[in-house]
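Quick notes on the structure that follows.
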Amino acid sequence: MVQQLGHLPMGWLMLALLAMLASGAFFVGRVQAARFSGPGSARVHSRPNYHGYYVAMWTFVPAMVVALGYGLFGDGLVRSMLSSELPANFQDMPRVELDVYLNSIARAAFHHGYSGADRVFSAITNRFLELQGLIKASTIVLALVCAATGFLLARRRVAPGFRARNRVEGGIEIFLFLCAAIAIATTIGIVASLLYESLRFFAEIPFWDFLFGTRWNAQTSAEFGALPLFFGTFMIALIAMLIAAPVGLFAAIYLSEYAGPKVRGWVKPILEILAGIPTVVYGFFALLVVAPAIRSVAIWINTTLISTGLASEPLLAAQPTSALAAGLVMGIMVIPFVSSLSDDVINAVPQTLRDAAYAMGATKSETVKHVVLPAALPGIIASLLLAVSRAIGETMIVVMAAGQRARISADPTADLTTITVQIVALLTGETEFDSPKTLSAFALGLVLFVVTLFFNLIALRVVQKYREKYD
Amino acid sequence: MTDVAPAPFRNEKALRRLKKRRAADARFRLYGLSAIAFALLALSVLVASIGFQAISAATYHKVGFDVVLDPAVIAPKGKDTPADISRNVDGFYALIRSNLQGTFPEAAEDRMATRQLGDLVTRLAVLPTAKWVSENPTQIGQAATIKVPLSDDLDLYLKGAVSKEFRLRLGDISAVTEAAPRQVRLTGDGAFKALQSLIAVQRQEVGDAVDARSILISAGSTTGRIMSLDADAAEVTLLTGSATDFSNVRPTARMIELPETERNVSDLQIAWTLALKDKGRVSRVPHTSLLTHTDSTYPELAGALAAIVGSLLTMMVTAFIAIPIGIFASVYLEEFAPRNRLTEIIEVNINNLAAVPSIVFGLLGAAVFLGFFGLPRSAPLVGGLVLALLTLPTIIIASRAALKSVPPSIRAAALAVGASKMQSVFHHVLPVAGPGIFTGAILGMARALGETAPLLLIGMVAFVADVPVGPTDEATALPVLIYSWSTNAERAWEPMTAAVIVILLMFLITMNGIVVLLRRRFERRW
């Protein structure tokens, strides 16, 4: 019987239960309030609907809390209860193996019990179902009790003078606040998970060895010196910015200072298309078109240098995937990030400043160089910083076009690897959560997060300050 | 003093300076123009290269086989239930192979050739036919025309993507003499003159490498390889067909630039394909299987259906979570939040989250949703959750802008007739801001649709052969499919990947088109 309860589909059941409880409570509250708020009744504060909402709220929320608690901790509770009951030889198992075993138990239980030959497994599966049934049943009972308590308490307050609307609106406001707080919860989740896994990693690998080691070989042997990855990331971001910064900046200057409204109306949206193309498409473009082109140019340079006697051996590595290919395409991707924000800040420079410069006889370019750009400089720097942070955190282009080899090489036609490439390489495929190999991905993620956060914070601060200045 | 001193700004020096300054101005303007030209050029090269690739995948070649659906082969005793028939790849493939061997009896001569003949069509290509027959059991025993896709390499050859090829018409052949079985000597007055000069020209360009190239000669459905030639005669090894064709039809010669050892298709396979084409059995048809098939290890059989459905499921989860929460959060921040430390932190936080690299959200998903909560790997549910967190800041920022643009007079009017703050927001401000909020939500969804990296980290990169039906099934998404196809080595995957990119871009264009329309329709200045 209890085992049968273990098969209850809790998600749908709780959803249906909650919906029924809430709508029932709403009608009870509403009918009760309607009794005293008919025509001719005097001094009723809230309309019957609000009384209904109020009762429904107090019925729904406690039950919802119970349901959420089950969703978050139910499974873990069942497992810990089960593992504490397991015979002694299971208790000695390493944690990971036990988890795998419990997973297979859970899977067997999910598929309506185990009917195979393994007696022990079968017994444990049955016990698992029993415990699950127990927890599920008690969750439902608890939810019902909580709902009933809330319902009774709330119903007693329904009275002509009761300010149901204010209470309901207060409840809604709390709900709205919780929605806004999810953003904070996300950040906390990111920081906590990255820190937790990274600390576990640094318990095995010394922090300084990770940060300044020059050999990275996480896949095969356990060498976790991330300096080559930092170098690769820096190199590719640098190439990207060498393209995106001048192109984006000049495009923004041209659009805001020189172009007529018609050209601007066409070019600006087209530039923004660049920002809307998924990065995996850029990666494909880099892999298919740019990398082979760069390779053949590099080979051509090599052969020309050798044939003219300027070099005795190939100067450039000319790899099929290269830092230059990834950086070039990433630069194209980042152009709109630079141009659109710079365009905004240049437009925000008051016209009076320009007029003053023209009145002094300055040409347009002199005005831009000596008046507009200095005035817009903080915003432009902010846009460049945001673009750098984009380039550092960009994943797909480098995964597809930068390569996998961790090395420090100034040759742009050599393949380099980056932080993001290694994170993807370490975490795709079958991963176990406890090996230093997997944990190192989180340490890399932490570095990535901290660095981009640093750039973002400065940029946002600058933008904010700047906005205040001319508002 | 008769000399008037030149005006101080009109002297030589000043004029030269002015000229220099104007030149600098023109240069500056040119930099701006070239920056824009560079960006536009990059965009058009990107679009053109992908479009060009995708067009070649828009159609593909199918071969027709007139076979009798022999029950002894496709539904032998004990394996004749519909389920068995739909899985009987060997049986159906045997039909095709015996048909091919009947058409090209020369392949039976050695095992290598037999295998190459079988490679014209991938074994698994018969699966749709098997399914069709299992659904229409009355067809068993009947004659039917089965159309199956040609193997990817030969498809590429027919599309001209395997190698550069020089093609020219030869002169009339007057005599065909058979020196040995399958060895013939073709003679015709000056018939091979053009070919000879082509070889000479090529020899000047590439040297003796020209000798490694195959020169095929075909007439009708007969094809042979030219072993040696002079202006009036050629020694030909017959690959397929009968030599008499050469005296009936004016032959065509093909010089294939890539030597046989460096390509995936042999001369023999090319000869057979040309013969099939000559017999009208090869047809170029729209590549609909790209939309109706799921992933496969064979490019000609692969399709994006599972990924499209996976993407839709993921987007559904994302939309259900991110849009309501985003709207509520922005309503709170814009309308209710008191100006205090906490709301300030929330705001900085949201702006920051919008700029956090997407892969970090993938790490969050891997650690929290998979590791801590134990949700299933590769599931649209987890993907949707991660993408929801990722798009939430975008949606909140856009919705706040929309709410901000609602004039305060509307709020004041609502409050003045006795509405509470909550009523004024939900009954008046939110409906007015609706189109703007919806626009932001669509833009957020468009961003989520193109995200790849976080989905890789939560395992949505798996090979998925079944169309997922629920949010906890194993699934993949369109951008991830693009990534995994682009890592495949075979050439045929390139156009296929480009085609999937076009599908993805279609979705994105539609979403952005809706945004533009909404803006046009509802844009209001207060």
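The values are calculated or read from the model by the stated rules, or taken from the named source; none is laboratory data. Since the model is a prediction, treat every value here as computed from it, not as a measurement. Ideal geometry is used to build each Cβ from the backbone, glycine not excepted, and the neighbour counts take in all protein chains shown. Just so you know, the surface numbers come from the protein's heavy atoms only, side chains and all, with ligands and any DNA or RNA stripped out. Shrake-Rupley method; radii C 1.70, N 1.55, O 1.52, S 1.80 Å.
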Gyration tensor (Cα only) of segment B:305-522 to equivalent ellipsoid, semi-axes in Å sorted down, yields 37, 20, 14
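Roughly how compact is chain A, stated as its Cα Rg over 2.2 N^0.38 Å to two decimals? Kindly include the intermediate steps, with their values, before the conclusion.
Details: Rg = 31.8 Å, N = 471, 2.2 N^0.38 = 22.8 Å.
Rg over 2.2 N^0.38 Å, computed on Cα atoms: 1.39.
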Amide H neighbours of residue B:60 at under 5 Å, excluding residues fewer than 5 places away on the same chain, with H built from the backbone geometry, are B:285, B:287
Once Lys and Arg are counted +1 and Asp and Glu -1 for all other residues with Cβ under 14 Å from that of residue B:76, the total becomes -1
log10 I(q)/I(0) for segment A:209-470, Debye formula on C-alpha points only (no solvent), q = 0.07, 0.13, 0.15, 0.16 Å⁻¹, two decimals, reads -0.32, -0.91, -1.07, -1.15
What the 10 Å binned alpha carbon P(r) of the protein assembly as shown shows, as percent of pairs per bin from 0, is 2, 8, 14, 18, 18, 16, 11, 7, 4, 2, 1, 0, 0
Reduced to Cα centres, the span from segment B:333-399 to segment B:491-509 in Å works out to 29
Under Stokes-Einstein, segment B:61-150 at 4 °C and 1.567 mPa s, with its Kirkwood radius over C-alpha pairs, diffuses with a coefficient in µm²/s of 97
Sorted on mean Cβ neighbours within 10 Å (highest first), peptides B:45-52, A:50-57 come out as A:50-57, B:45-52
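Would you mind counting up the charge near residue B:386? Only other residues with Cβ under 14 Å from its Cβ, with Lys and Arg at +1 and Asp and Glu at -1.
Working: positive: B:377, B:447; negative: B:451.
Spelling it out: positives minus negatives among the neighbours equals +1.
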Taking the square root of 5λ for each eigenvalue of the C-alpha gyration tensor of segment A:133-217, the equivalent ellipsoid has semi-axes, largest first and in whole angstrom, of 50, 21, 7
Highest mean packing first, using Cβ neighbours within 10 angstrom, the peptides B:329-335, B:68-74 sort as B:329-335, B:68-74
If one compares the long axis through the Cα atoms of helix A:95-110 with the longest principal axis of the Cα atoms of chain A, the angle in degrees, nearest 10, works out at 60
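Can you list the DSSP H helices in chain B whose Cα atoms extend at least 27 Å along the helix axis and whose mean Kyte-Doolittle hydropathy is -1.0 or higher?
Answer set is B:12-56, B:305-331, B:380-404, B:430-450, B:493-522.
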Under Stokes-Einstein, chain B at 10 °C and 1.306 mPa s, with its Kirkwood radius over C-alpha pairs, diffuses with a coefficient in µm²/s of 54
Computed on Cα atoms, Rg of segment B:354-430 relative to 2.2 N^0.38 Å comes out at 1.66
In whole angstrom, largest first, the equivalent ellipsoid semi-axes that the Cα gyration tensor gives for segment A:309-462 are 40, 23, 11
Result for the protein assembly as shown: accessible area per residue, probe 1.4 angstrom, in square angstrom, of 48
Shielding of B:44-50 by other chains, given as the mean Cβ count within 10 Å, works out to 5
In degrees, nearest 10, the alpha-carbon axis of helix A:10-36 is tilted away from the dominant principal axis of the alpha carbons of chain A by 60
Expressed as a whole number, the average count of other chain Cβ atoms within 10 Å around the Cβ atoms of B:16-29 is 3
Diffing segment B:237-250: the Karplus 3J(HN,Hα) column from phi (6.51, -1.76, 1.60, θ = phi - 60°), in whole Hz with x for Gly and Pro, holds 8, 6, 8, 8, x, 10, 5, 5, 4, 5, 7, 8, 10, 5
Cβ-Cβ cut-off under 12 Å around residue A:165, Lys and Arg +1, Asp and Glu -1: the net charge is +3
Taking a straight Cα-to-Cα line shorter than 20 Å from residue B:131, and setting aside same-chain lysines fewer than 8 residues away, one finds B:62, B:77, B:79, B:147
Filtered hits (lysines, Cα-Cα < 26 Å from residue B:20, offset >= 8 within chain) -> A:364, A:369
Between the Cα axis of helix A:48-85 and the main Cα principal axis of chain A, the angle (0 to 90°, nearest 10) is 80
Charge dipole of segment B:305-522 built from unit charges on the beta carbon (Lys, Arg +1; Asp, Glu -1), centred at mean Cα; most positive-end Cα among B:489, B:455, B:423 is B:423
Quick shape check on segment B:163-263: root eigenvalues a ≥ b ≥ c of the Cα gyration tensor, a/c under 1.5 is rounded, otherwise prolate if a/b tops b/c, else oblate, and it reads prolate
